[in-house]
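Structure, as structure tokens:
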Amino acid sequence: MDLNSEIKRRRTFGIISHPDAGKTTLTEKLLLFGGAIQEAGAVKSNKIKKTATSDFMEIEKQRGISVATSVMAFEYAGRKINILDTPGHQDFAEDTYRTLTAVDSAIVVIDVAKGVETQTEKLVSVSRMRSIPLIVFINKMDREGRDAFDLLDEVEQKLGLKVVPLSWPIGIGREFKGVYNLWEKNLKFYTEALKQKIGDSIEVENLEDPRLESWIGASATALLREEVELVQEVYPAFDPEAYRRGEQCPVFFGSALNNFGVGELLDCFVEIAPPPQPKQTEERMVRPEEPQFSGFIFKIHANMDPNHRDRLAFVKVVSGVFERNTNYRHIRLNKMLKFSSPTAFMASKKSVVDEAFPGDIVGLHDTGNFRIGDGLSAGETLHFTGIPSFSPEHFRFINNADPLKSKQLAKGIDQLMDEGVAQLFTLEQNGRKIIGTVGALQYEVIQYRLEHEYGAKCSYEPYPAYKACWIRIEDPVQFEEFRKLKSRNIARDKYDRPVFLADSAYSLQTAEQKFPGLQFLLKSED
Ligand code: G4P
């Protein structure tokens, strides 16, 4: 198959949700539909367990397992589908944000009883900044939950999405009987006997079919007809182009656990979701169909074995064909590198690949050359943009607890930051180092890994900051003034960019008012 056909048939996406909404279950059901796994439970057992919130050793163990679920690829209806895992654990939010830089679209899972939750809001707002096309899947329809119209209002308001239902639920909870598919204009409902079976459903051609009443009862039929009419009046017609521009968001209802609504979702997804998209670089826009290979690193996974400090760097192929044993240019280091055993991921299996196409993810063994955002190319200088850092939520000074091991500590911190475990800020005033994380538990993980992988010891001290704001300097004179005034709160990030570590929402607001020539951004610029 030629490059263009390979590109057209690829769909690379992520599933985002608040923990517990059903992301793992949906992923697994998609893999089952795609025939990529044979039984339920395969992905689920790889999930980072909920107990991990209070047990970082558990996270350490699971870190190894999660390599396997980083990318799950399968073939379906002639398409090559790459699902990128977006870890749902609250401590992994930064990692999840970064994965969104490598997807071409996303599916948002919402629990029908809980509605829009905080992590969903955060992840959707990041997706919207990048205009990532989104499909919403309202899950757990077999449980008592919210009224569908109310829930869609909430999705529109809280997530700022223009929704278009493409399926509609028939009842909810114990009364849930199936879905009417507005996309294919047919109706599928299920009985207890069909629960858990993949691909089985009873189809009805249209809503006027007289058999409907005998199957779901007169009142459910009347309600369904009425609601579908209302849906068609209230919501705009679905426009696939508007969806691909990130302006319209189709919605499906179902129950992942009971395989309900998942097939409809997948069939529609493969039709409408965008193939690999062009990617911006500082130099120019790179298009997937260009013959020369290029790609960027969006994730780095450390080896679990402390004696082998090699890591797996995940590259997303942006253009051309990636080939094994071929020299590629590491752009930041201006160094040619060759990969003898690049890894591809199919479902939960890994294997060595000879070639990969745009949209594919390849795992590269790395001995410390890569950091998040690095680009690789056949030769051209390309700096990929759109891979920012986001403000951490927690901040602590990091101190060296063993003066004889300061080199090891510096190296350890450097590598862990390259991996994206946390962010490092250096105070301008005195050079002290501050670690910023998304979840407080990361501090224990860092301490443990520094000791076990690098032989270094560290201790922490509180640094009371509210947010890290990258400073865009429009007026250098104002920056100098601000710097004098707030010298204790100005730091540099890993790339030497100036950052204001605001101690409260109030001080951030005051700074914004007093210094209009400076912009305070909650994410770094590319
Ligand atoms: P997550 O990855 O988003 O964190 O969610 P996950 O799929 O693990 O699902 C969270 C819980 O919700 C699981 O139950 C799962 O079985 C359940 N669930 C997922 N989809 C549905 C659905 O459509 N209907 C119902 N009723 N439940 C659903 P758990 O008890 O926490 O885990 P487990 O013991 O079942 O594995």
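Bear in mind that the values in this text are calculations on the coordinates, not laboratory data. Not measured: the values here are computed from a predicted model. Using ideal geometry, Cβ is built from the backbone for each residue, glycine included, and neighbour counts are taken over all protein chains shown.
Can you give me the relative contact order of the chain as a percent, contacts being Cα pairs under 8 Å and 6 or more apart?
Values: 1110 pairs, mean separation 72.2, N = 526.
Answer for the chain is 14 percent.
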### Task
Rounded to whole Hz and in sequence order, give me ³J(HN,Hα) for segment 495-502 from the Karplus expression 6.51 cos²θ - 1.76 cosθ + 1.60, θ = phi - 60°, writing x for Gly and Pro.
9, 6, 8, x, 10, 9, 8, 5
### Query
Got a sec? How would 506, 76 order by Cβ neighbour count within 10 Å, fewest to most?
506, 76
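Per DSSP H run of at least 4 residues, take -39500 (n - 2.57); add these up for the chain, divide by its residues and hand me the 222 nm value, nearest 500 deg cm²/dmol. Let's see the in-between values first.
Details: 14 runs with 147 residues, N = 526.
Taken over the chain, the calculation gives -8500 deg cm²/dmol.
Order these peptides, 459-466, 312-319, by their mean beta-carbon neighbour count within 10 angstrom, highest first.
Descending mean neighbour count gives 312-319, 459-466.
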### Query
Amide H to amide H under 5 Å from residue 111: which residues, 5+ apart in sequence or cross-chain, H placed 1.01 Å off N in plane?
139
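Only Lys, Arg, Asp and Glu count, each charged at its Cβ (+1, +1, -1, -1), so figure out the dipole size of segment 279-377 about its Cα centre, rounded to 20 debye. Could the numbers behind the result be given before it?
Details: 15 positive and 12 negative charges, 51 e Å.
Dipole magnitude for segment 279-377 comes out near 240 debye.
Full-extension gain between residue 473 and residue 184, please, as 0.36 nm times their residue separation minus the C-alpha to C-alpha distance. List each step's numbers first, then the result.
Numbers: separation 289, 0.36 × 289 = 104.04 nm, distance 5.22 nm.
Stretched fully, the residue 473-residue 184 segment lengthens by 98.8 nm.
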### Query
Roughly how big is segment 394-521's charge dipole about its Cα centre, with Cβ charges of +1 (Lys, Arg) and -1 (Asp, Glu), in debye to the nearest 20?
240 debye
### Query
Between residue 219 and residue 402, what length in nm is gained on full extension when 0.36 nm per residue of separation is reduced by their alpha carbon distance?
58.5 nm
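Can you tell me the dipole magnitude for the chain around its Cα centre, using point charges on the Cβ only (Lys, Arg +1; Asp, Glu -1), in Debye to the nearest 20?
On the way: 68 positive and 76 negative charges, 390 e Å.
In total the dipole reaches around 1880 debye.
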### Task
Take the Cβ-Cβ distance between residue 336 and residue 280 as r, set R0 to 30 Å, and report the resulting FRET efficiency rounded to the nearest 0.05.
0.75
## Note on the structure
Amide H contacts under 5 Å for residue 170, restricted to residues at least 5 apart in sequence or on another chain and with H modeled in the peptide plane, are 177, 178, 179, 180
## Note on the structure
Between the modelled labels at residue 310 and residue 230 (7 Å from Cα along Cα→Cβ) the distance in nm is 6.0 nm
### Task
Indicate, rounded to the nearest 5 percent, the antiparallel portion of the DSSP beta bridges found entirely in segment 389-526.
100 percent
### Task
Compare the Cα positions of 435, 25, 72 along the charge dipole of the chain (+1 at Cβ of Lys, Arg; -1 at Cβ of Asp, Glu; about the Cα centre) and return the one farthest towards the positive end.
435
### Message
Under 4 °C and 1.567 mPa s, how fast does the chain diffuse according to Stokes-Einstein, given a Kirkwood radius computed over C-alpha pairs? Answer in µm²/s, whole number.
### Response
53 µm²/s
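Subtracting the Cα-Cα distance from 0.36 nm times the residue separation, let me have the gained length for residue 522 to residue 75 in nm, one decimal.
Values: separation 447, 0.36 × 447 = 160.92 nm, distance 3.85 nm.
Working it through step by step, the gained length comes to 157.1 nm.
Defining a contact as two alpha carbons under 8 Å apart and six or more residues distant in sequence, what relative contact order in percent does segment 242-371 show?
Working: 215 pairs, mean separation 26.5, N = 130.
Relative contact order for segment 242-371 comes out at 20 percent.
What FRET efficiency comes out for residue 349 versus residue 369 if R0 is 25 angstrom and r is the Cβ-Cβ distance? Round to the nearest 0.05.
Working: r = 26 Å, r/R0 = 1.05.
After rounding to 0.05, the efficiency reads 0.45.
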